[in-house]
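Report on the following structure.
The values are calculated or read from the model by the stated rules, or taken from the named source; none is laboratory data. Treat the numbers as computed from the prediction; the structure is a model and nothing was measured. Please note: Cβ atoms are built from the backbone with ideal geometry, for glycine as well, and neighbour counts cover all protein chains shown. Note: accessible area is taken over every heavy atom of the protein model, side chains too, but ligands, DNA and RNA are not part of it. Shrake-Rupley method; radii C 1.70, N 1.55, O 1.52, S 1.80 Å.
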Amino acid sequence: MLFLNITSARNILAVIILCTATLNAQVQKSGNISTHTDSIITNMPEGVGTDEYQHPGTSDLNTWGEAVDSMLTSNYSGANTIASSFDYRVVEFTDTSVSPSKDYYILENNPSGTNYWGTFVLNPSPDRSKLVIESPHPLKDYNTGKQGFYIFMQTGAKAFYVSGASRCNSSDTTLCDGKSSVCTGSSEAYKISDQAHASDGVLQKTTERLLTANSNSIFIQPHGFEKGDSDPDVIMSNGVQDDTPPTDYLSTLKTNLFSEDNSLTFKIGHIDTTWDRLLGTTNTQGRYINGSADPCDISATTNTGQFLHLEQAKVKLRETESDWDKMANAISATFSSDVLPVELVSFIAAMKDDNIILKWQTATEINNYGFHVERYLLPSEENDFAGSGWETLGFVAGHGNSNSPKNYEYVDVNPPSGDYKYRLKQIDTDGSFEYLSVIVQMNIDMTGLEGNYAADDVPQDYKLFQNYPNPFNPNTNIRFSIPETKLVNLKVYNIAGEEVKTFLEETISPGYHDVILDASSLSSGLYFYKLTAGNYSSVKKMLLLK
């Protein structure tokens, strides 16, 4: 029988606790997290048919899923213990390249590990908690691994996954349907290391666990292709060719990406229905997200809109970090931040005395230093300098912190004739900034718009005019007249009579007024717009075609 006094028992207990904590604690590192992940991508096996990638078994997949679940519930030490069973680890990485520094958690291969399944990065305090960025082909689709992580960081997404080896690393093929010639030049079944086409890989398991944790998750996969002469620069799809999604993020993304580079050309699977190449219909993550009963063998027929498959040409989009910025900025503009420093209620434009008056309203503001107003002149035969980029027109100071509506106005004095877009660059008191997602467009000539008037005309009656252009995509001008100062409401309804957008709700002085409807967040279809001012109301139809 062994007897211990209280002091020695406490010492032994302390040693046991210390050893257990050391065993379970995740590894701690600090530095530049982009450098860390770039190193992982650069050093992953890229040989064709050299079989460094070890495909997981059923038990391995379930264990991987448990590790991901533990990370999603902030049980990082538990995740690290689980990961050690398949020669992985959880690294608590403090990114000191930003100020203030920020922590991430990385499920990665041990330095001596030989599975090469992939790397999973979790952002515990995301700006966009529903966004997940996945890079299945980091090597073969040039730079899409590094680009994917760059997008993850710039957007403040929830999670990032990158495959652990080249898609062509395995000599064995997957049992899932579909063929590719990317590895050998001859059409053959996908390799088992090609995780975009394997329903029994850790990318698929990670996707399943993330979607279970948040059913509203949006999964974005940047891919790359070799562009032919007749090919567009970007081929976008939800992984389902013919079905229209309930929310058309791809059309909005196209608009925002075109604003970044108006030389880009596009195809969108559910809109350009005659296009049938590189649409991701055999992608097993897309099939799963879109509700396929068997993601390995059965294509999805329902489009949830939650899977964004982005095929990109190398030139303009994948070559450099400045190229990556285009996609990162466009995605940020498409998906709003969870907690915006400024909650924008409306952003409208009106033409008066050859000037364009921009008005916007915020609902709340946090540390809002102010707004840069920016203008973009669209290309035309008359404007040789058009399309050269966004120009800053001026600055409007913000209200700092506010929980009540605040109204702003900026006058673009006598701009030259042409087609313009306007946007707001919101700046925090710490110098950080973001582009607010609403972009309005104004045609200075307003050719074809009903209801011509002189600048100083005072109308005798209330009237709502037909929008122009109609059909439109994604912006259209709506003109109305009021003979006296009134609270004016202008709302949009779908064909079911449901309100989908309020884009004007303020007291307006007498006169003719033009407002721009930005419908980039709406799907194609027939809509109704209704003006209410005092006892007057009027409804007209308009057609959005994307």
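Points to keep in mind about this one:
- L139 long-range amide H proximity, modeled H, under 5 Å: R167
- By accessible area, using a 1.4 Å probe on protein heavy atoms only, the chain has 48% of its surface on carbon and sulfur.
- In this structure the amide hydrogen of T364, modeled in the peptide plane, comes within under 5 Å of the amide hydrogens of E343, none closer than 5 places in sequence on its chain.
- Value in Å of the Kirkwood radius, where segment 242-287 supplies the Cα pairs that are averaged: 12.0 Å
- Quotient of Cα Rg and 2.2 N^0.38 Å for segment 479-546, N being how many residues it contains: 1.14
- Semi-axis lengths, Å, segment 67-106, gyration tensor of Cα atoms, sqrt of 5 times eigenvalues: 23, 11, 6
- Here the Karplus curve 6.51 cos²θ - 1.76 cosθ + 1.60, taken at θ = phi - 60°, turns the phi angles of segment 97-108 into couplings of 7, 10, 10, x, 5, 9, 9, 10, 10, 10, 8, 9 Hz, with x standing for Gly and Pro.
- Projecting the Cα atoms of Y410, V488, N75 onto the dipole axis of the chain, where Lys and Arg carry +1 and Asp and Glu carry -1 at the beta carbon, places N75 farthest toward the positive end.
- Three-way shape call for segment 105-152 based on the alpha-carbon gyration tensor, with the a/c threshold at 1.5: oblate
- Cα-Cα separations in segment 111-236 greater than 22 Å, expressed as whole percent: 39 percent
- Segment 183-271, dipole about Cα centre (Lys/Arg Cβ +1, Asp/Glu Cβ -1), debye to the nearest 20: 300 debye
- Electrostatic bookkeeping for E374 treats Lys and Arg as +1 and Asp and Glu as -1; over the other residues with beta carbon under 11 Å from its beta carbon, the sum is +2.
- Note on segment 314-358: Cα convex hull, mean projected area over all directions, 5.6 nm².
- Computed over the Cα atoms of segment 130-194, the ratio of the radius of gyration to the Kirkwood radius (Rg/Rh) comes to 1.06.
- If you plug the beta carbon distance of V539 and T301 into 1/(1 + (r/R0)^6) with R0 = 41 Å, you get a FRET efficiency near 0.70.
- Residues whose placed amide H lies under 5 Å from that of K227, excluding near-sequence neighbours: K314
- Helix-only arithmetic for the chain: the sum of -39500 (n - 2.57) across DSSP H runs with n ≥ 4, divided by the residue total, places the mean residue ellipticity at 222 nm at -6000 deg cm²/dmol.
- The shape of segment 205-276 can be summarised by an equivalent ellipsoid whose semi-axes, obtained from the alpha carbon gyration tensor, come to 25, 14, 14 Å from longest to shortest.
- Neighbour net charge for S125 - beta-carbon separation under 9 angstrom, K R +1, D E -1: -1
- Compactness index (Cα Rg / 2.2 N^0.38 Å), the chain: 1.12
- Check: the chain dipole with +1 on Lys, Arg Cβ and -1 on Asp, Glu Cβ, in debye: 1000 debye
- Within segment 40-114, all pairs of alpha-carbon atoms sorted by distance into 5 Å bins from zero give the percentages 3, 14, 21, 20, 19, 13, 7, 3, 1.
- Interatomic Cα distance distribution for segment 287-334, bins of 5 angstrom, percent: 5, 19, 18, 16, 11, 14, 15, 4, 0
- Cα gyration tensor, segment 189-245 - rounded (a/c under 1.5), prolate or oblate: oblate
- Kyte-Doolittle mean at least -1.0 and Cα axial length at least 18 Å: DSSP H helices in the chain: 6-24, 58-72, 321-334
- Solvent-accessible area per residue, Å², over segment 134-238 with all protein chains present [probe radius 1.4 Å]: 31 Å²
- When every Cα-Cα distance of segment 92-175 is counted in 5 angstrom steps from zero, the calculated P(r) takes the values 3, 14, 21, 23, 19, 12, 6, 2, 1, 0 percent.
- Links that overshoot a 32 Å alpha carbon limit, given the list K205/K314; K140/K205; K227/K359; K254/K491: K227/K359
- Rounded to the nearest Hz, the phi-derived 3J(HN,Hα) couplings of segment 508-523 under the Karplus curve 6.51 cos²θ - 1.76 cosθ + 1.60 (θ = phi - 60°) are 10, 7, x, x, 8, 10, 10, 10, 9, 8, 9, 9, 5, 8, 9, 8, where x marks glycine and proline.
- Computed Kirkwood radius, in angstrom, where 1/r is averaged over Cα pairs of segment 54-193: 16.2 Å
- Using every pair of distinct Cα positions in segment 211-367, the Kirkwood expression returns a hydrodynamic radius of 17.4 angstrom.
- Using Cβ point charges alone (K and R +1, D and E -1), the dipole size of segment 45-98 about the Cα centre works out to roughly 180 debye.
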